[in-house]
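For reference, the structure discussed in these notes is given below.
The values are calculated or read from the model by the stated rules, or taken from the named source; none is laboratory data. Nothing here was measured: the structure is a model prediction, and the numbers come from that model. No Cβ is skipped: glycine too gets one built from the backbone with ideal geometry, and neighbour counts run over all protein chains shown.
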Amino acid sequence: MQILIYILKRILQTIPLLIIVSLISFFIIRLSPVDPLAELKLNPSVSKETLQRETERLGLDKPIIVQYGKWAKSFVKGDLGITSNGEQVSAKLKERIPNTLLLTVIVIFLTWIVGVPLGILAAVKWKTPFDRILTVLTSIGMAIPSFFFAVLLLIFAVKTGWFPVGGLTSSNFLEMSFSQKVMDITRHLILPVTVLFTISLAGLQRQMRANLLDVLDSDYVKFARAKGLSEFKVVFKHALRNAINPMITLLGFEFAGLLSGAALTEYVFQYPGLGRLILEAVLRSDINLVMASLMMGAIMLVAGNLIADILLIITDPRIREAGGRQA
Amino acid sequence: MIREVFKQLMKDKFAKAALIVLGIIYLALFFADFLAPYTKDFSDRTMAYVPPSKIFTIDENGKFSKPYTYNYKREFDPDELRIIYKLDRSRKHYIKFFAQGQPYKFLGIIPMKRHLVTTDNDGRLFLLGADINGRDVFSRLLFGGRISMTIGFLALFVLFPIGLLYGGIAGYFGGKVDVIMMRFAEAVMSIPSFYLLIILASILPSGMTSVQRFMLIVIILALIGWAGFARVVRGMVLSVKNQEFVQAAKSIGASRLRIIVKHILPQTTSFVIVAMTLSVPSYILSESGLSFLGLGIQQPDASWGNMLKEAQEYTNIIYRPWLLTPGFLIFVAVLAFNLIGDTIRDVLDPKSKVR
């Protein structure tokens, strides 16, 4: 019961947070010297009525605080306006967000499956050549600029022809059977996933290693060893449970980092995700689209942190008892 | 403390190598005008995309000769339907050391003409090939590095005082001030940083001088990172603010700002040093990413990121791999900073065992 109340509280806390986020984003975008409807006005296929409607919807003739009120009201209602091509912003987001989520979720899953065991191994074999080599490798992984790595992989893809270049689906995607579709998407995902995986693996592995080393140094582990427990039991039964908790907090951060890192990778691979959408929107100064995707990015990030926090309550009894104070 | 850190850095093989590499890079950037055969803006349109100059030391008779190079000729290959580059063997261009070349101002003040290596006026010595405008990639790497390798440091010098003061005030005052300030910081952190970065960069008005643009990008980079830093500082302030030395300062009537700046914030010094060295690389990466997208440093100025912009085209990366060199330099610089940062953390924060 207490847990439920805490979770509920935690969810309610995100609302003021998102309001402040929207205020910040709104003012940054509106205070720029760009006319929000400039592109729309230049587009001959957009009618005068649509323009008029957009001006009214955004309240462009009114002071900025009223504009924000209008924007917030329609945002809550789910009306995000139209892009400079005259498309619905919400439709565009619906198409892109699942793609970015797919990419990030796969990357997080893979980094955890590989990074956590590697971190444990490095900690257990602390200061052995194995540990040193891993440290060197992760240093290298951390230092490669994501977009540069993506470009290198593109060369590789073009030269070998093993991987499709760009996009998420092939042109004949609609004619494929279900299993072919899955295969097709997988083949398109391999390169972007490789880039993001390489970059985020290093941080996760190092964190896991550091956590476990910290725990292995603690008194209760020394006691467990003194009791004559096997090293395997000491590590996996006693130390690991405590070392893994901080990793869950990291999950939220990792999600945030991936959203940012994905933008450049999506751009290079022409992957139809949220990052590329916002980039294109920014380059075209498509204000409605920028504002909406910025908010969506923030909502995803906040939701990621929320999930991490809730997971932490479930796994860590200390936080549960403190009523979530430590989180 | 600094001596201790330095001693440890020299003891660690990797950190020592990293220090040497960075030392060489920064020295080269400092003397860029002299080391580069050409100035930043020198361009020869007839030489667009020529491959790196070949340097010969043995002449056609098989005898040793002073090093010389040939210019490239562009020819259209009707079979492959693309432009190919052939050596124009009709004229040798000898490589000259410490000779007169393009005029420049050393360190921006002293007018000079001598370059470390150059060739005669009609010859083109493009050690790493040329870009689309026929500009020397090697020279631009040096000038671009000046921007790429300093912008991160400058951003940190803007960001850290802000973060320190913000976190210090929030932590020391506590209560409502703390809640409001931290909510705001959390909100800034809730916007995916790269999204914020590109939006801030995109609202920069066009038609600025390159110095203005450079300064604004520094400020934008600083605006991204201060919040996370302020939050950590606040946590540290919370843990020391009730200690005796703070109460002592209070009892002799020191002002609150004085207590924060003079007594509490110095407690965070080693954390600040560690955080700074560890965050330099991320700012180098942010700047290069931004410029890669065309939102950062603009042509004709060079930065490693905007030089890589040309690598976005397939034809470039396959037929003109020399255009990728800035990417390797970013990689080397970031790796070196990371290795040094890790070692400094080990020294100043012995509890952490990330390495």
Taking B:Leu257, is it within 11 Å of chain A (Cβ to nearest Cβ) and part of a helix (DSSP H, G or I)? no
Suppose the filter is surrounded by 15 or more Cβ atoms within 10 Å (Cβ to Cβ), of a type in the set (Asp, Glu) and on the phi < 0 side of the Ramachandran plot; does A:Glu254 pass it? yes
Inside segment B:239-277, the number of residues satisfying the requirement of being of a type outside the set (D, E, K, R) and exposed (fewer than 14 other Cβ atoms within 10 Å of the Cβ) is 13
Expected output for segment B:317-332 (first residue at pLDDT below 90, partner aromatic (Phe, Trp, Tyr) and part of a helix (DSSP H, G or I), Cβ below 8 Å, 6+ apart or cross-chain) is B:Leu324/A:Phe148
Test: residue in segment A:214-223 that is over 23 Å from the mean Cα position of the chain (by Cα), touching a residue at least 40 places away in the same chain (Cβ under 8 Å) and within 14 Å of chain B (Cβ to nearest Cβ): yes
Answer yes or no as to whether A:Gly297 is facing chain B (nearest Cβ under 9 Å) and either within 13 Å of the chain's Cα centre (by Cα) or within 30 Å of A:Asn242 (Cβ to Cβ) (or both). yes
Here are A:Arg53, A:Arg57: which of them is out of contact with any Cys (no Cβ under 9 Å at 6 or more places or on another chain), more than 14 Å from chain B (Cβ to nearest Cβ) and loosely packed, with under 15 Cβ neighbours inside 10 Å? A:Arg53
Of those in segment B:32-60 that are of a type in the set (Ser, Thr, Tyr) and within 28 Å of the chain's Cα centre (by Cα), the residue farthest from B:Lys92 (Cα to Cα) is B:Thr39
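Conditions (1) out of contact with any Lys or Arg (no Cβ under 8 Å at 6 or more places or on another chain); (2) part of a strand (DSSP E or B), marked per residue:
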{"position": "B:Thr69", "(1), (2)": "no, yes"}
{"position": "B:Asp88", "(1), (2)": "no, yes"}
{"position": "B:Lys92", "(1), (2)": "yes, yes"}
{"position": "B:Arg114", "(1), (2)": "yes, yes"}
{"position": "B:Gly134", "(1), (2)": "no, no"}
{"position": "B:Leu141", "(1), (2)": "yes, no"}
{"position": "B:Gly145", "(1), (2)": "yes, no"}
Any chance you could count how many residues in segment A:157-179 are among the small types (Gly, Ala, Ser), away from every other protein chain (no Cβ under 14 Å) and surrounded by 11 or more Cβ atoms within 10 Å (Cβ to Cβ)? 2
Kindly state which helices (runs of 4 or more DSSP H) lie completely within segment A:1-87 and contain at least 3 residues that are without any contact (Cβ under 8 Å) to a residue 40 or more places away in the chain. A:2-30, A:48-58, A:64-77
Residue in segment B:160-211 that is nearest to A:Phe27 (Cα to Cα), counting only those that are at the interface with another protein chain (Cβ under 9 Å from one of its Cβ atoms), β-branched (Val, Ile, Thr) and not in a helix (DSSP H, G or I): B:Ile203
Run A:Asp316 past the list (1) more than 9 Å from chain B (Cβ to nearest Cβ); (2) buried (at least 23 other Cβ atoms within 10 Å of the Cβ) and report the number of the one that doesn't hold. (2)
On the basis of being touching a residue at least 40 places away in the same chain (Cβ under 8 Å), more than 12 Å from chain B (Cβ to nearest Cβ) and surrounded by 24 or more Cβ atoms within 10 Å (Cβ to Cβ), does A:Asn288 make the cut? yes
Give B:Asp41, B:Asp79 a once-over and let me know the one that is surrounded by fewer than 16 Cβ atoms within 10 Å (Cβ to Cβ), in contact (Cβ under 8 Å) with a residue 60 or more places away in the chain and part of a loop (DSSP other than H, G, I, E, B). B:Asp41
Checking the condition under 27 Å from B:Leu329 (Cα atoms), charged (D, E, K, R) and buried (at least 16 other Cβ atoms within 10 Å of the Cβ), which residue from B:Lys96, B:Lys92, B:Lys54 passes? B:Lys96
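Residues are listed down the side, and each one gets a yes or a no for (1) farther than 21 Å from B:Ser193 by Cβ; (2) in contact with a strand residue (DSSP E or B) (Cβ under 9 Å, 6 or more places away or on another chain); (3) of a type in the set (Gly, Ala, Ser):
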site	(1), (2), (3)
A:Ala210	yes, no, yes
A:Leu216	yes, no, no
A:Tyr220	yes, no, no
A:Arg225	yes, no, no
A:Ser230	yes, no, yes
A:His238	yes, no, no
A:Tyr267	no, no, no
A:Leu277	no, no, no
Scan segment B:18-38 residue by residue and report those that are without any contact (Cβ under 8 Å) to a residue 40 or more places away in the chain and in a helix (DSSP H, G or I). B:Ile20, B:Gly23, B:Ile24, B:Leu27, B:Phe30
With of a type outside the set (Val, Ile, Thr) and touching an Asp or Glu at 6+ places or on another chain (Cβ under 8 Å) as the only criterion, which of A:Ser171, A:Ser200, A:Ser179 stands out? A:Ser200
Show me the helices (runs of 4 or more DSSP H) entirely contained within segment B:269-353 in which 2 or more residues are farther than 30 Å from B:Val233 by Cα and more than 8 Å from chain A (Cβ to nearest Cβ). B:304-308, B:314-319, B:325-348
Which one of these does A:Ala150 not meet: (1) under 20 Å from the mean Cα position of the chain (by Cα); (2) surrounded by fewer than 20 Cβ atoms within 10 Å (Cβ to Cβ); (3) within 13 Å of chain B (Cβ to nearest Cβ); (4) over 27 Å from B:Ala17 (Cβ atoms)? (2)
